[in-house]
Amino acid sequence: MIEVRDLVKHYRTRGRGTVHALDGVSFSVGRGETLGLVGESGCGKSTAARLLVQLERPTSGQILLDGRDLLAGGHRSRSGRGRRRSRTIQLVFQDPYASLDPRQRVGDALGEVLTVHRLVSDAAGRRRRIGELLEMVGLPAGTADRYPHQLSGGQRQRIGIARALAVEPAVLVLDEALSALDVSVRAEVMNLLARLRRELGLTYIFISHDLGMVRHIADRIAVMYLGQVVEIGSWDTVSDAPAHPYTAALNSAVPVADPVVEAARPALTVRGEVPDAARPPGGCRFHPRCPLAQPICSSVNPALEPFGPAGTGHRVSCHVVESAQRPASDLLLAHRQEHSGE
């Protein structure tokens, strides 16, 4: 349904030079599928979200929706067709406290969307549709008369979801939409999202830094590092048998509930800090921190190549892994044992 081709976004700044927020990002999402987009802060996830919903334009690249280029014909089209296309992909923001106007009642916030997009023409129809949206996200009709400060964080995020659904989108981009919520509330909203996807046939792009949470909601996972996708595949492959060294380190950082299992797990850590996006390293961007790095890694940026059994869709961007045809978790463990004398 969505295909992102070689998406690039550079920001010119004073002092720091050009920030490489995205550098050649490509992925696709099938209809009704959930793609998890994970990585550390600053890797370009939120930039990708803003480009997908056309809050910003890319430096280069394409975003195709059902084969149509969303970026063709200018940033904002005033034609009816342009309005419909802009409504097809909607964004749910990270902070439920900041994404709602504190001086606006919930009903007015939802009604404004219906009015601006000319979806309902009369007051009675707006009230009826607002009630339907609130019911859809599990809130009573009386919530329409309340202000955001009278609601909990979970209720506010449900309002954010209802506002996005008001225009009947085909795709929701959820940018860290659960990270500001308590753990118990997070589970409730995840269940809500799963139900809405099933009932409405929605497609999700679920952005998060938490690989452990994404595996519970995503069909496939794309891992980003410093503006590039370094691994993509099914949720079980990427989270249980990660091929890229960076993904293996992310997976190792996810705690396991069983203390015996947690204590027995080897810690697959990486060295150093994420480089400055205004001065990204040459070659593989992960090589300054990678224990497996070879001379080629500092000079040649590896392509995202198929890995493992044919037809699985698992792809990885790593010279060492592609050469050995073994997942990074195995290679890192062998490297650690070799250098510790075990």
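Answer with yes or no whether ARG128 is under 25 Å from GLU176 (Cβ atoms) and in the same structural domain as SER179 (by TED's automatic domain parsing). Answer is no for this residue.
When SER179 is tested against (1) closer than 22 Å to LEU51 by Cα; (2) crowded, with 19+ Cβ neighbours inside 10 Å; (3) of a type in the set (Gly, Ala, Ser), only condition (2) is not met. Name the residues in segment 285-306 that are within 17 Å of LEU332 (Cα to Cα) and in a loop (DSSP other than H, G, I, E, B), would you? Passing the criteria: PHE286, CYS290, PRO291, LEU292, ALA293, GLN294. Test SER41 against the criterion of being at pLDDT below 95, out of contact with any Cys (no Cβ under 7 Å at 6 or more places or on another chain) and assigned to a helix (DSSP H, G or I), and give yes or no. Taking the combined requirement at face value, the residue does not satisfy it. Taking the condition free of Cβ contacts under 8 Å to residues at least 40 places away in the same chain and surrounded by 14 or more Cβ atoms within 10 Å (Cβ to Cβ), does PRO275 pass? It is false that PRO275 is free of Cβ contacts under 8 Å to residues at least 40 places away in the same chain and surrounded by 14 or more Cβ atoms within 10 Å (Cβ to Cβ).
Each residue in segment 314-342 was checked for being farther than 23 Å from ARG271 by Cα, at pLDDT 90 or above and not basic (Lys, Arg), and 1 pass. Applying a threshold of 9 Å to beta carbon distances and a minimum spacing of six or more residues, or different chains, the list of pairs starting in segment 281-306 at a residue that is farther than 16 Å from GLN228 by Cβ and ending at one that is in a loop (DSSP other than H, G, I, E, B) and of a type in the set (Ser, Thr, Tyr) reads PRO291/THR269; PRO306/THR312.
The values are calculated or read from the model by the stated rules, or taken from the named source; none is laboratory data. Nothing here was measured: the structure is a model prediction, and the numbers come from that model. Neighbour counts run over all protein chains shown; Cβ positions are idealised from the backbone, glycine included.
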